[in-house]
Amino acid sequence: MKSSFTSNVFETRTISLGDTTETIVPGGRHLFPLLPKAFDGVKQIGVIGWSSQGPAQAQNLRDSLTGTDIVVKVGLREGSASMVKASAVGFNNESGTLGEMYEVIRESDIALLLISDAAMAENYKQVFENVQPGKTLGLSHGFLLAHLQSLGASFPDNINVIGVCPKGMGPSVRRLYEQGKEVNGAGINCSFAVEQDFDGHATDYALGWAVALGSPYTFLTTLESEYKSDI
């Protein structure tokens, strides 16, 4: 697997691991001012789902993007009990940061699909119908790719498809991000994948996502490698 990449925004570093070399992006809060450039053209990031990763990723992204014009909006099923939980940490209808999941997908430049595997299998067609052409679908593991391959199906070819996969459960992603307020660089490492690069922005969108989550080190993978490693 190709393990090197370039970024138009973030400095990369090459490290040696045994007999191989790996390209990484070292993270840290000093990189947060670069996030508007990484998310060039992005006005809204939708975080879809509120299970393990959703609360952590939504809050980390919101906090990292404070002071920018980029809105982080949570999308949930209409009537979901999780709407109360999202409201408790500051996502609400009044501020335009909480809404129905398909509406949020339709209006977001980047939609991060963090729902359960079962929900992905059941709802992926509706998700694809609501991601607008030229926009970006984000995943935090490779299950949906595996499911599509098993059906002989594929992602829509007119969107970016990226992955950012934190190497820890959601509560740790949030806890260590908050620790990073005192210790620059504290956080959970992430792998990232670019499954489809429709508009040339996919790599920097993925790296911006990882940096905004607080990843100390971000390295390249593929969605296929992600689901095979899970198996």
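Of all residues in the stretch 120-142 being in contact with a Ser or Thr (Cβ under 9 Å, 6 or more places away or on another chain) and in contact (Cβ under 8 Å) with a residue 40 or more places away in the chain, which is nearest to R77 (Cα to Cα)?
Among those residues, the one meeting the criterion is T136.
Run down G138, G142 and say which single residue is at pLDDT below 95 and open to solvent by less than 10 Å² (accessible area, probe 1.4 Å).
Result of the check over G138, G142: G142.
Hand me the list of strands (runs of 3 or more DSSP E) wholly inside the stretch 123-231 holding 3 or more residues that are of a type in the set (V, I, T).
160-166
If we scan the stretch 40-49, do we find a residue that is outside any helix (DSSP H, G or I), open to solvent by 10 Å² or more (accessible area, probe 1.4 Å) and of a type in the set (K, R)?
yes
Against the condition hydrophobic (A, V, I, L, M, F, W, C), within 17 Å of A210 (Cα to Cα) and touching a His at 6+ places or on another chain (Cβ under 9 Å), how does V42 come out, does it pass?
Criteria met by V42.
Those residues that are more than 12 Å from the chain's Cα centre (by Cα) and crowded, with 22+ Cβ neighbours inside 10 Å, I need them from the stretch 181-200; list them, please.
G187, I188
Please find, within the stretch 60-107, the residue that is modelled with the lowest pLDDT out of those that are assigned to a loop (DSSP other than H, G, I, E, B), surrounded by fewer than 16 Cβ atoms within 10 Å (Cβ to Cβ) and of a type in the set (A, V, I, L, M).
A81
The values are calculated or read from the model by the stated rules, or taken from the named source; none is laboratory data. Predicted, not measured: the structure shown is a model, and the values here were computed from it. Cβ coordinates were reconstructed from backbone atoms using ideal geometry, including for glycine residues, and neighbour counts include every protein chain displayed. Heads up: the accessible areas ignore ligands, DNA and RNA and are worked out on the full protein's heavy atoms, side chains in. Shrake-Rupley method; radii C 1.70, N 1.55, O 1.52, S 1.80 Å.
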